[in-house]
1. Pairs of lysine in the stretch 3-142 with Cα under 23 Å and at least 8 positions apart or on different chains: total?
2. Whole Å is fine, so just give me how far the alpha carbon centre of the stretch 116-149 lies from that of the stretch 1-74.
3. If I build a Gaussian network model for the chain, linking alpha-carbon pairs within less than 10 angstrom, which residue out of I66, I43, I102 has the largest mean-square fluctuation?
4. Would you please give the residues with an amide H less than 5 Å from that of W101, counting only those at least 5 places away or on a separate chain, with H modeled from the backbone geometry?
5. How far is helix 145-156 tilted off the main Cα axis of the chain, in degrees rounded to 10, range 0 to 90?
6. What do you get when you divide the Cα radius of gyration of the chain by 2.2 N^0.38 Å, with N the number of residues?
7. When the chain is modelled as a GNM with alpha-carbon springs shorter than 10 Å, which of E147, E111, E120 fluctuates the most?
8. GNM on the chain, C-alpha springs below 10 Å: top fluctuator among T75, T103, T16?
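Bear in mind these aren't lab numbers, they're just calculated from the coordinates by the rules spelled out. Predicted model only: the values in this text are computed from it and were never measured.
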Amino acid sequence: MNYWLLKSEPDTFSYTDLTQAHTQTSLGRTVWDGVRNYQARNILRDDFSVGDKAFFYHSSCKQPGIAGICTVTKTGLVDPSSLDPASDYFDPKSSSDNPRWITVEVAAERELSRVVSLKEMRHHDALKDMVLLNRSRLSVQPVTAQEWNYILKLAES
């Protein structure tokens, strides 16, 4: 199992929104659509596996930080927003036969007892090599098992 961090602006799609999202078969699941960075797309396409865990990170807000945990439930999905002309993420060069944008489905697992803020994470040497703290613009990032466990302990403190 691998660990990840997925960023979303809470004004657009928050962890609470994930818990209330509907797929055709389930509550609390959604396709992680709208990623339009090739490096992030490649990670979603090549590295994510069913059962992987991800931190749900609220970005571009008053208090950026990790708000919850989700689980990857499906991989290798064509991003439906890339095929929808009404979507802000529509890509006319993408098609169902030759998709440019691949994504995953995630399910809400649990909200953290408190948001672990970016500011707080910056004060812990154990997290100094975390991708979030060094290449923070990437919307899909790997998290090591050590970082994962450390952040879970911070959330409970």
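1. Total qualifying Lys-Lys pairs in the stretch 3-142 comes to 11.
2. Here the answer is 16 Å between Cα centres.
3. Most flexible of the set in this elastic network: I43.
4. D79
5. 70 degrees
6. 1.02
7. Result: E120 has the largest fluctuation of those listed.
8. Looking only at T75, T103, T16, the largest GNM fluctuation is found for T16.
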